[in-house]
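The values are calculated or read from the model by the stated rules, or taken from the named source; none is laboratory data. Predicted, not measured: the structure shown is a model, and the values here were computed from it. So basically every Cβ, Gly included, is an ideal-geometry build from the backbone, and we count neighbours across all protein chains shown. Just so you know, the surface numbers come from the protein's heavy atoms only, side chains and all, with ligands and any DNA or RNA stripped out. Shrake-Rupley method; radii C 1.70, N 1.55, O 1.52, S 1.80 Å.
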Amino acid sequence: MCPVSCVTTQPSKAGRTNFLNDQTTNPQNDQTTMTIFSKIAAGEIPSYKCAENDKFYAFLDINPLVKGHTLVIPRREVDYIFDLEDDELAEMQVFAKRVAAAIKRAFPCIKVGQAVLGLEVPHAHIHLIPMQSEKDMLFSNPKLKLSDEEMASIAARIREEFK
């Protein structure tokens with residue numbers, strides 16, 4: 001299960017919106033729907049932004065396994081990561097590498113793990129998870145419940161290190 005899926009659609013006081021696989025018409029490309037992740041990258045749905053460039057966007061997972069758990073997505077809507085063009089996949093990995101380095105500086109850990117999984121949101125994404133042990137990467141682990149203020153602080157720390 002992709003930990004980004006939630007159950008409400010109302011924004012919180014800090015501007016975070018919870019969602020469940022929301023899709024609408026996307027006039028900017030040939031697809032008939034726009035995924036939640038595309039809406040996040042476009043700024044239509046607030047997120048805890050960690051890093052971005054013209055091709056990729058990184059934001060905190062709203063149901064993190066550990067502090068600093070971040071998602072990296074391509075701005076171009078592609079469901080399956082291996083359907084990305086070769087150069088685009090390579091660029092996404094290099095972007096994710098830079099984000100992982102920022103996460104590691106912001107949240108000292110042994111390594112930043114990478115996982116590609118999740119079927120609920122039809123948009124390619126990479127999970128970056130600070131690891132003290134391999135158990136930190138178990139998606140069956142209980143998710144952290146962090147306040148909006150904590151999430152904003154975590155994202156700010158990663159953004160600062162991403163520069």
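Can you confirm whether Phe162 is within 13 Å of Ala51 (Cα to Cα), among the aromatic types (Phe, Trp, Tyr) and at pLDDT 95 or above? Spelling it out, Phe162 is indeed within 13 Å of Ala51 (Cα to Cα), among the aromatic types (Phe, Trp, Tyr) and at pLDDT 95 or above.
Of everything in the stretch 31-63 that is within 20 Å of Ile154 (Cα to Cα) and open to solvent by 50 Å² or more (accessible area, probe 1.4 Å), the residue that is modelled with the lowest pLDDT is Gly43. Residue count for the stretch 64-76 satisfying the condition of being open to solvent by 10 Å² or more (accessible area, probe 1.4 Å), touching a strand residue (DSSP E or B) at 6+ places or on another chain (Cβ under 7 Å) and more than 19 Å from Gln132 (Cα to Cα): 1. Pairs linking a residue in the stretch 134-159 that is closer than 18 Å to Arg105 by Cβ and at pLDDT 95 or above to a residue that is part of a helix (DSSP H, G or I) and open to solvent by less than 80 Å² (accessible area, probe 1.4 Å), with Cβ atoms under 8 Å and 6 or more positions apart or on different chains, are Ile154/Ala106; Arg157/Ala106; Ile158/Val99; Ile158/Ala102; Ile158/Ile103; Ile158/Ala106; Arg159/Ala102.
If the condition is being under 14 Å from the mean Cα position of the chain (by Cα), surrounded by fewer than 18 Cβ atoms within 10 Å (Cβ to Cβ) and outside any loop (DSSP other than H, G, I, E, B), then the stretch 99-125 contributes Gln114, Ala115.
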